[in-house]
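Let me begin by presenting the structure, written as C-alpha cells, before commenting on it.
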Amino acid sequence: MKKIFFSLFLFLMCTQGNATLENTTCKRCHPIIYNEYQNSMHAKASIFKDPVHKAVWDKHPAKAKGNYKCAKCHTPSDHKLIKGETSLTKNRIQMTEPISCQACHSIESIEKHTKINKNKFTKKKKYFFSADSKRKGEKITFKEKHSFFGLMTKTSGSPYHDIDYSNENFYDGGMCLGCHDHKQNGKGFSVCDMQIKKEDSLDNKDTCISCHMPKVKGTFVNLKNTHTHTFHGISIHTINTSLLAKHIKLSLQKTTDGFEIRIENKANHTLFAQPLRLNQLRVSIEREGKTLSLKRKNFIRVIGKDGKPAMPWLADSELKNTLIKAHEIRHVKYTNLLHKGDTVVIDFGYYLVNPKAAKKLGITDKSVTKFIVLAKKRISI
Ligand code: HEC
Ligand code: HEC
Ligand code: HEC
Ligand code: HEC
Ligand code: HEC
C-alpha cells in the first residue's frame, strides 16, 4: 500500500513541469539539509534579510538607477530579476531562498574574469551536481520503469532528479568561486579578494567544502539512512564558531624582552577579506588575582581615495593591509615580561562590521557590531 502511495506521489511530482525548482520541493526528501539551510547566510543574502547588505545598498549609487547588479551573487535564484523582467521587489525567493538549492547544485563551471567571476549553470532540467568519492565520475540518471498504468514504478538513484558525480568543482571547492573569489569596482580596483592559495602541500587537503560544510550527523535523504550529511548552515553570523575555530592555531613563545603570540591561519584564503570586517587579537595577563589587558591588535584592510577611507564603489587605493593571509603564521610581539604563575588569555576574533564603518552606515543592530571570539586559549606560565 505504502509503495503505491509513494508511486502516486512521484507520478504527481513528475508531471508538474520543469519550472524553477524551489527549495520546498527538495524539503520533501532532504528535510534535514533544508532545515539547516534556513540559518545559513545563503538563505539570507538579500537586502530583505541581511541588514548589512541593505545598509550598503541603500548608499550605493546604482540604487537610484534601480540597477541591482548585486543579484548575480546575492540573489541568483530570482530569475526574473536576473533576466531584467522585474525590478528588485520583496518576493518569496528574495525572502527565503536568494541562493537556492538548485542555484548551487546546478553550477556546471566557473568562468574566470578580472572584474568578477561568473557561474555557468547547466541547462539540463532536474540535473544536480554533487560529490562522492566512491562514485566519482558517475552520472546517475533517474530511471523509471512504468508498468500497471504507472502505479508500479521502479527507480534507481534519486526518484526525482539526475545526479552527476563527475564535476571536479564539487570536489575541490571550485564551485564556490563564481561568487567568493574576488570583486572589483567600476574603477578596476579590487574591493575584496580572498587571495585563495591553490593547495600545494599534500598534508593540507582541506577545501572550502570540507571546512565550511563538514559532514555532520543525520541522513541526507529520508528515503535511506546515510548517518551523515553535508552541513548546509554556513554563516559567520549565527554559527557557533567551534566548527571553524580548529583551523586557527594560537600559541605563545617567550622572547628575551617579553613574548610573542603566533596565529596560524590554516585556511587557504586571507582571513576576513570582506572590507567591512575587523579582525582583532586581545591578550591579557592574569596575575595575582588581577587582570592586565594589553593593547589590542587589529588586522584590517582599509580601502580609500585620496588618502582617506572611502566607500567600496569610490575607493581606488589600499590605505592599509595587515590581514592574515592564506596559511600564514603571524607573529605579534609584546614587551611584557611574564612571571611564573601568570596565565595568558588569548582571544582571537572579529567584528562583523567594524564599529567605525557601522556608524558611517547608520547600522545600529548590536548583533553585527559586537566582538565575536573565534579562537580562544589560556596558557599557564
Ligand atoms: C522524491 C525525493 C527527492 C526529491 C524531491 C529531491 N531529491 Fe535529491 N535525492 C533523492 C535521493 C533518494 C537521493 C540519493 C540517491 C542515491 O544516493 O543514489 C538524492 C540525492 C541528491 C543529491 C546527491 C547526493 C549525493 O550522493 O552526493 C543532491 C545534490 C540532491 N539530491 C539535491 C536535491 C535538490 C537540490 C532537490 C530539490 C530541487 C532534490 N534533491 C529533491 C531524492 C530526492
Ligand atoms: C561577485 C559576487 C558578488 C557581487 C556581484 C556582490 N557581492 Fe556582496 N558579497 C559577496 C560575497 C561572496 C559575500 C560574502 C563575503 C564574505 O563574507 O567574505 C558578500 C558580502 C557582502 C556584504 C557583507 C554582508 C554581511 O552580512 O556582512 C555586503 C555589505 C555586500 N556584500 C554588499 C554588496 C553590494 C551592495 C553589492 C552590489 C552593489 C554586492 N555586494 C555585490 C559577493 C558579491
Ligand atoms: C552554497 C551552495 C549550496 C547550497 C545553497 C546548497 N548546497 Fe547542497 N551541497 C553543496 C556542496 C558543495 C555539497 C557537497 C558535495 C559533497 O561533498 O557531498 C552539497 C551536498 C549536498 C547533498 C549531498 C549529500 C550529503 O552528504 O549531504 C545534498 C542531498 C544536498 N547538498 C542538497 C541540498 C539541498 C536540499 C539544498 C537546499 C536546501 C542545498 N543542497 C543547498 C552546495 C550547496
Ligand atoms: C551564488 C553565489 C554564491 C555561491 C555559489 C556560494 N556563496 Fe557563499 N555567500 C554568497 C553571498 C552573496 C554571501 C553573503 C551573504 C550576506 O552576508 O549577505 C555568502 C556568504 C557565505 C559565508 C558566510 C559569510 C558571512 O558573511 O556570513 C560563507 C562562510 C560562505 N558563503 C561560504 C561559501 C562556500 C564554502 C561556498 C561553496 C561551497 C559558497 N559560499 C558558495 C554567495 C555565494
Ligand atoms: C582549513 C579550513 C578552511 C578552508 C580550506 C577554507 N576556509 Fe573559509 N574560513 C575558515 C576560517 C577558520 C574562517 C574564519 C572564521 C569565520 O569566518 O567564522 C573562514 C572564513 C571564511 C569566510 C567568511 C569571511 C568573512 O570575512 O566573512 C568565507 C566567505 C569563507 N571562509 C569562504 C571560503 C571559501 C570560498 C573557501 C575555498 C576557497 C574557504 N573558505 C576555504 C576556514 C577555512
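The values are calculated or read from the model by the stated rules, or taken from the named source; none is laboratory data. Not measured: the values here are computed from a predicted model. Ideal geometry is used to build each Cβ from the backbone, glycine not excepted, and the neighbour counts take in all protein chains shown. Just so you know, the surface numbers come from the protein's heavy atoms only, side chains and all, with ligands and any DNA or RNA stripped out. Shrake-Rupley method; radii C 1.70, N 1.55, O 1.52, S 1.80 Å.
At 7 Å along the Cα-to-beta-carbon direction for both T228 and S284, put a label point, then send me their distance in nm to one decimal.
Inter-label distance under the simple model: 3.8 nm.
What number in nm² do you get for the range 49-90 if you take the convex hull of its Cα atoms and divide its surface by four?
With the hull built on Cα positions only, its mean projection is 2.9 nm².
Given labels modelled 7 Å from the Cα in the Cβ direction, how far is it in nm from T24 to I82?
2.1
Evaluate E = 1/(1 + (r/R0)^6) for D365 and V216, where r is the Cβ-Cβ distance and R0 equals 30 Å; express this FRET efficiency to the nearest 0.05.
The formula returns an efficiency of 0.55 here.
Which log10 I(q)/I(0) values does the range 14-79 give at q = 0.11, 0.20 Å⁻¹ under the Debye formula, counting every alpha carbon as one identical point scatterer?
The computed values of log10 I(q)/I(0) come out as -0.37, -0.89.
I need to check one value: relative contact order of the range 247-380, counting alpha carbon pairs closer than 8 Å and at least 6 residues apart, in percent.
Relative CO of the range 247-380 lands at 29 percent.
Which of the peptides 270-278, 34-42 is most tightly packed, and how do the rest follow, going by the mean number of other Cβ atoms within 10 Å of each residue?
Peptide ranking by packing, descending: 270-278, 34-42.
Go from 0 up to the bin containing the longest alpha carbon distance in the range 24-153, width 10 Å each, and give me the % of pairs per bin.
The calculated distribution, bin by bin, is 10, 32, 33, 16, 7, 2, 0.
What is the magnitude of the charge dipole of the range 273-345 about its Cα centre, with +1 placed on the Cβ of each Lys and Arg, -1 on the Cβ of each Asp and Glu, and no other charges, expressed in debye to the nearest 20?
120
Taking a probe of 1.4 Å, how large is the accessible area per residue of the chain, in Å²?
Solvent-accessible surface per residue comes out at 57 Å².
Mind ordering 45-58, 253-266 by average Cβ neighbours within 10 Å, highest first?
With the highest mean Cβ count within 10 Å placed first, the list reads 45-58, 253-266.
Could you compute the FRET efficiency for R135 and K295, with r as their C-beta to C-beta distance and R0 at 51 Å, rounded to 0.05?
0.45
Carbon-plus-sulfur fraction of the accessible area of the range 247-380, 1.4 Å probe, in percent?
51
Report the residues of the range 237-267 in range of a label on I379: point 7 Å along Cα→C-beta, backbone N strictly under 16 Å from it.
In the range 237-267, the label zone of I379 (backbone N under 16 Å from the point 7 Å along Cα→Cβ) covers 248-265.
Hey, any idea what Rg/Rh is for the range 247-380, computing Rh the Kirkwood way over Cα pairs?
1.02
If I model a spin label at M95 and F121 as a point 7 Å from the Cα along the Cα→Cβ vector, what separation in nanometres do I get?
It is 2.1 nm.
Per the helix-only calculation at 222 nm, which mean residue ellipticity applies to the chain, given -39500 (n - 2.57) for every DSSP H run of n ≥ 4 and division by its residues, nearest 500 deg cm²/dmol?
That calculation yields -4500 deg cm²/dmol at 222 nm.
I'd like to compare 63-74, 21-32: which one has the highest average count of other Cβ atoms within 10 Å, and what's the full order after that?
21-32, 63-74
Going down the list K83/K187; K187/K305; K187/K308; K118/K308, which pairs span over 20 Å between their C-alpha atoms?
As for pairs spanning more than 20 Å Cα to Cα, those are K83/K187; K118/K308.
In Å, what Rg and Dmax follow from the Cα atoms of the chain?
So, for the chain, Rg and Dmax equal 24.1, 85 Å respectively.
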